[in-house]
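Report on one structure; see the data block that follows.
The values are calculated or read from the model by the stated rules, or taken from the named source; none is laboratory data. Computed from a predicted structure; not experimentally measured. Cβ placement follows ideal geometry from the backbone for every residue including glycine, while neighbour counts extend to all protein chains displayed. With ligands, DNA and RNA removed, areas are computed over all heavy atoms of the protein, side chains included. Shrake-Rupley method; radii C 1.70, N 1.55, O 1.52, S 1.80 Å.
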Amino acid sequence: MFAALGVQLAFLQVVAGDRYREDAQDNRIREVVTPAARGLILDDLGRPLAQNRSRFVISVNRTDLERQPDRGEAVLERLGRLLGLPATELRQQISPCGPGVTEPCWNGSPYQPVPVAEGVDAQTALQIMERREDYPAVTAELVAARDYPAPEGARAVHLLGYLQPADEEEMAAQEARGLRDPGLQRADLVGRAGLEKQYDDLLRGTPGVTRLAVDHAGRVTGTVEQVAPVPGNHLVTSIDAKVQAVAEQELHAAIERARGQIDDNTGRRYEADAGAVVVMDVRTGRIVAMASYPSYDPQVWVDGITPTEYQRLVDEESGGPLLSRAFQGGGAPPGSTFKPISAAAAAAAGFSLTSTYPCPGSLTIGGRRFRNFESQDYGDITMARALEVSCDTVFYDIAQRMWLRDGGNQPVERPSDPMQRMARSFGLGQPTGVDLPGESPGRIADRDYKRRHWERTKDETCRRADSGYPELAPSEPARARFLEQLAKENCADGFRWRVGDAVNFSIGQGDTLVTPLQLARAYAAIANGGTLWRPQVAKAVLGPDGHPVKTFEPEATGQLPVSRSTLDYLRDALVGVTTHGSAARAFAGWPHDEYPVASKTGTAEVYGNQTTSWFATFAPADQPQYAVVMMVSQGGTGSGTAAPSVRKIYEALFGIGREPVLPGGELPTGLPQIRPDSTVGQP
């Protein structure tokens, strides 16, 4: 037994002695982490979209407080009276979180000062700083807090995102990756949406670490090492604050314009419950402006959001202001803005662009009557004129003929489906790859989608085929009979791709969903000769000292399978929409010779809702620079609601009747300059 003990003692002292000495040393060291100043988010000229501002924060050092004879009770009482808070609440705030401890509690290091009041006034902070003897263990310091100054009135809330404290999942993910201090701390603020989330690692910087020596009772005996924090990098975006402000103003103006109009189908005013606008550089894919409605004040995040405020931001009854309708939320049927894609598909499938096509007021297809908008009859017209006046029946007929080529109700083994294939080549039905989190892929309603949808819904459909719609029969008997008959048809063979599906698809109706960002990218490709660019918001990363760290170059992700002659034809036809087509009234008096605008109106029908207003454009049509797309949900016609606001955006871009919002009417090519005093200069 003594021999065994001797061997073990020798092992502990000689063989493993160094390791145990290191462990003992580590047990006497505690780390206090100092957050780094977060980097700025700048527009293309260096105007801060997100910055840091100084504010007073009152903190309590729990270790020093415990050294007081009464464990700091008197200090907390005095501090509570000064801040207007109960001492018990202050005690609760500085208590370490753990089993049996209710919130609020401190989730950080027990050796780190705990913030108990943020954004206090200067007079309160000065009282604490000048009366140290009354407030031992209490500090009042100026610290950096996130601020969203809205330069030029541009709030850009859905682009910027917001910050929230790190949660348990993020901490666990960090530990799983084997990351060690100074990494993400429980009290750190991290990006939760938008650019703040997408580029969080670049913006957050590296926290500082102070290593404190403690005795066996946990009392601090000295400082072993102190490493200063390294500020985060600055993110330069392609957003122009002035253009962004105009886009936000004109989107709101379109919403108000729609709400002042009467829906002819219901006799009620349009609800105009949501909308979005995108301004894109067609030559690079860079986003110049992007706005969504409903919106909110980004300052709601600065001093901590309440549960009630957060619920309002995500509540569907309030419109879900946290969601960007520009690239999230599923999208909406594109309506007639889809017709240039259908025309490109027709040309690729052998339909002549120089021939004429009949445009009657309605067509009977598959036993149903499909009408033109307002049932107008234009006689025999060219494909260009069909785009100008937005003739539906021309596209109905072409879609029916394509459907018959593929076998109709008895489809061939591999249907060609030219319009669906062309839609995918324009980037629809898939994410654009924009550098913003949470992008919706939209949806292409094709044969595969219809079968999947039927399989998901057939049980309910067949139940309705048997029971009908008794809840609607007393008030809406015609609708109840229609829905019952539709349920019977879909129960039997709702998986089939019928001719009605094909003709609806050709004019952007049905279950196809497109986001404004996807449509802007598609129209930019028509404008620039066929290149699909990956939409990009970030332009460059600058270090804390202003030196470039990284630049984001434009990235082409595809080429349209459309001939140059077809693209030229589409561009000319879309100019005709603005000069003497469905958008001519909205652009009356426009200087078409100097700044020709290519456009397409869209009025998309959505079952159970009012029509969605779309207006998709690019300009100048002869030397394209910008694509501008606006959508207003339940907003009426594209020409009456969205088009006038898009015109105002172009007036601001080109300086028509006013000063241009861009210096010289052009986007800057250089990068902002970060000066030694941390101020920002233009490129």
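Structure values in brief
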item: Pairs where the first residue, in the range 72-96, is open to solvent by 60 Å² or more (accessible area, probe 1.4 Å) and the second is not in a helix (DSSP H, G or I), C-beta under 8 Å, 6+ apart; result: R78/D134; R78/Y135; E89/P104
item: Filtered residue count, the range 417-449, keeping only those that are in a helix (DSSP H, G or I), without any contact (Cβ under 8 Å) to a residue 60 or more places away in the chain and under 29 Å from the mean Cα position of the chain (by Cα); result: 2
item: Where D240 falls short, out of the listed (1) open to solvent by less than 20 Å² (accessible area, probe 1.4 Å); (2) of a type in the set (D, E); (3) touching a Gly at 6+ places or on another chain (Cβ under 9 Å); result: (3)
item: Odd one out for G636 among (1) open to solvent by less than 10 Å² (accessible area, probe 1.4 Å); (2) on the phi < 0 side of the Ramachandran plot; (3) of a type outside the set (D, E); result: (2)
item: Q68 being touching a residue at least 60 places away in the same chain (Cβ under 8 Å), polar (S, T, N, Q), assigned to a loop (DSSP other than H, G, I, E, B) and farther than 21 Å from R55 by Cβ; result: yes
item: Candidates G433, G468, G442, G427, filtered to the one that is over 22 Å from Q559 (Cβ atoms) and small (G, A, S); result: G468
item: Of all residues making up the range 125-136, the number that are open to solvent by 20 Å² or more (accessible area, probe 1.4 Å) and either touching a residue at least 40 places away in the same chain (Cβ under 8 Å) or not in a helix (DSSP H, G or I) (or both); result: 6
item: Evaluation of S295 against (1) open to solvent by less than 30 Å² (accessible area, probe 1.4 Å); (2) more than 25 Å from A584 (Cβ to Cβ) (one fails), failing number; result: (1)
item: Residue within the range 333-340 that is open to solvent by 10 Å² or more (accessible area, probe 1.4 Å) and among the basic types (K, R) present; result: no
item: Which numbered condition R47 fails, given (1) out of contact with any helix residue (DSSP H, G or I) (no Cβ under 7 Å at 6 or more places or on another chain); (2) among the basic types (K, R); (3) under 25 Å from A150 (Cβ atoms); result: (1)
item: Some residue of the range 272-290 being buried (at least 17 other Cβ atoms within 10 Å of the Cβ), assigned to a loop (DSSP other than H, G, I, E, B) and of a type in the set (D, E); result: yes
item: Single condition V434 does not satisfy, out of (1) among the β-branched types (V, I, T); (2) under 30 Å from L160 (Cα atoms); (3) open to solvent by 20 Å² or more (accessible area, probe 1.4 Å); result: (3)
item: Test: residue in the range 245-263 that is more than 18 Å from the chain's Cα centre (by Cα), over 27 Å from T617 (Cβ atoms) and of a type in the set (S, T, N, Q); result: no
item: Extreme residue, nearest to N409 (Cα to Cα), among residues of the range 462-490 that are open to solvent by 80 Å² or more (accessible area, probe 1.4 Å) and outside any helix (DSSP H, G or I); result: P470
item: In the range 310-341, residue modelled with the highest pLDDT [restricted to those that are assigned to a helix (DSSP H, G or I) and aromatic (F, W, Y)]; result: F338
item: Residues of the range 237-264 satisfying the condition of being of a type in the set (V, I, T) and farther than 14 Å from T641 by Cα; result: T237, I239, V243, V246
item: In the range 652-683, residue nearest to R521 (Cα to Cα) [restricted to those that are under 26 Å from the mean Cα position of the chain (by Cα) and in a helix (DSSP H, G or I)]; result: L653
item: Conditions (1) part of a helix (DSSP H, G or I); (2) among the aliphatic types (A, V, I, L, M); (3) open to solvent by 70 Å² or more (accessible area, probe 1.4 Å): number failed by I255; result: (3)
item: Number of the exception - Y569 against (1) open to solvent by less than 40 Å² (accessible area, probe 1.4 Å); (2) part of a helix (DSSP H, G or I); (3) touching a residue at least 40 places away in the same chain (Cβ under 8 Å); result: (1)
item: Count - residues of the range 353-367 that are in contact (Cβ under 8 Å) with a residue 12 or more places away in the chain and loosely packed, with under 12 Cβ neighbours inside 10 Å; result: 2
item: Test: G379 is small (G, A, S) and touching a strand residue (DSSP E or B) at 6+ places or on another chain (Cβ under 7 Å); result: yes
item: Condition check for G367: under 21 Å from A445 (Cβ atoms), at pLDDT below 95 and among the small types (G, A, S); result: yes
item: Residues within the range 597-637 that are closer than 25 Å to L653 by Cα, in contact with a helix residue (DSSP H, G or I) (Cβ under 7 Å, 6 or more places away or on another chain) and in contact (Cβ under 8 Å) with a residue 40 or more places away in the chain, tallied; result: 22
item: Scope the range 380-403; condition open to solvent by 30 Å² or more (accessible area, probe 1.4 Å) and free of Cβ contacts under 8 Å to residues at least 60 places away in the same chain; matching residues; result: D380, T382, D397, R401
item: Scan of the range 207-232 for residues that are modelled with pLDDT under 85 and within 28 Å of H158 (Cα to Cα), ordered by number; result: P207
